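Read the structure below first, then the notes.
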Amino acid sequence: SQQGEEDPQALSIQEGENATMNCSYKTSINNLQWYRQNSGRGLVHLILIRSNEREKHSGRLRVTLDTSKKSSSLLITASRAADTASYFCATDDVYKYIFGTGTRLKVLA
Amino acid sequence: EAGVVQSPRYKIIEKKQPVAFWCNPISGHNTLYWYRQNLGQGPELLIRYENEEAVDDSQLPKDRFSAERLKGVDSTLKIQPAELGDSAVYLCASSLVSRGPGETQYFGPGTRLLVL
């Protein structure tokens, strides 16, 4: 079962623009993680945000978490062609993480 | 530091044949995960190990899938016999612990399985 649902499913932007993708989930969580997956490769951890945090930054990444709305957003600023990938949110369910269906981001040079 | 190692990277087999995937986690990581990722979907957990103990295998189709992590280090996932619907990418991940600091999972490149 997939708890997290990313929105949009696909996103195409020009290099230099910002990209925003959203994740909604169903049950209470302790933390939420975002991962990136380049074509044909494994997932790379980007950032973890805990349920008592509202916002977190890492380089060009900004993640927000709204536990009252059961949603999170990932913002990539000043996007680059190398940011082209699928982005997944993962929410904790007891001792495992449940991944969403992903947002496929394409950054055009 | 070496990342999570998986082999083979690709495997093509005919249905009803057996297949095995191998994973070597990051040194010192006690927790090991096997995921299956279907095309266009996120990874779905098959089994999680804490050292050599399988602590969550509720999503593992036990009639045809088996896994082992005998010495609490590397792990093998087996499918016997394979079915057409098993075509997917099989991902292995490891983490220091499954809860608290260090719970971030590090993924291997995956094994892409095609069952004909």
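The values are calculated or read from the model by the stated rules, or taken from the named source; none is laboratory data. Predicted, not measured: the structure shown is a model, and the values here were computed from it. A quick note on method: Cβ atoms are made from the backbone with ideal geometry, for glycine too, and the neighbour counts reach across all protein chains shown. In case anyone asks, the SASA skips ligands and DNA or RNA and just uses the protein heavy atoms, side chains included. Shrake-Rupley method; radii C 1.70, N 1.55, O 1.52, S 1.80 Å.
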*Relative to the isolated chain, which residues of the stretch A:73-109 have their accessible area cut by 40 Å² or more in the presence of all protein chains (1.4 Å probe, heavy atoms, no ligands or nucleic acids)?*
A:95, A:96, A:97, A:99
*Using the eigenvalues of the Cα gyration tensor, what equivalent ellipsoid semi-axes result for the stretch A:1-56 when each is taken as the square root of five times the eigenvalue, whole Å, largest first?*
22, 15, 13
*State, in angstrom, two size descriptors of the stretch A:5-108 derived from its alpha carbons: Rg to one decimal place and Dmax to the nearest whole number.*
12.9, 39
*What dipole magnitude, in Debye to the nearest 20, does the protein assembly as shown give about its Cα centre under +1 on Lys/Arg Cβ and -1 on Asp/Glu Cβ?*
340 debye
*Within a Gaussian network of chain B (alpha carbon springs, distance under 10 Å), most fluctuating of B:104, B:31, B:76*: B:104
*Charge dipole (debye, nearest 20) of the stretch A:45-102; +1 at Cβ of Lys and Arg, -1 at Cβ of Asp and Glu*: 120 debye
*asked:* Using a 1.4 angstrom probe on the protein heavy atoms only, could you order B:70, B:32, B:39 from most to least accessible area?
replied: B:39, B:70, B:32
*asked:* Suppose the Debye formula is applied to equal point scatterers at every Cα of the protein assembly as shown; what is log10 I(q)/I(0) at q = 0.08, 0.10 Å⁻¹?
replied: -0.29, -0.45
*Estimated vicinal HN-Hα couplings, Hz - the stretch A:4-15 in sequence order (Karplus 6.51, -1.76, 1.60; Gly, Pro = x)*: x, 10, 8, 8, x, 6, 9, 8, 10, 9, 8, 4
*In whole angstrom, note down how far apart the Cα centers of the stretch A:36-71 and the stretch B:12-76 are.*
25 Å
*Please find, in a Gaussian network model of chain B (springs between Cα atoms separated by less than 10 Å), the residue of B:105, B:41, B:80 whose mean-square fluctuation is greatest.*
B:41
*asked:* Let me cross-check residue B:48: its accessible surface, 1.4 Å probe, with only protein heavy atoms counted, in Å² to the nearest 10?
replied: 10 Å²
*Put +1 on the Cβ of every Lys and Arg and -1 on every Asp and Glu Cβ in the stretch A:1-88; which of A:9, A:58, A:76 then has its Cα farthest towards the positive end of the dipole?*
A:58
*Over the protein assembly as shown, with every protein chain in place, what whole percent of the accessible area is carbon and sulfur at 1.4 Å, could you tell me?*
48 percent
*So, in chain A, how many Lys pairs have Cα atoms under 25 Å apart, if the pair is 8 or more places apart or on different chains?*
10
*When a/c is below 1.5 the answer is rounded, else prolate if a/b is larger than b/c, else oblate, so apply that to the stretch B:33-102 with a ≥ b ≥ c taken from the square roots of the Cα gyration tensor eigenvalues.*
oblate
*Given a cut-off of under 8 Å on Cα pairs at least six residues apart, what relative contact order in percent is computed for chain A?*
39 percent
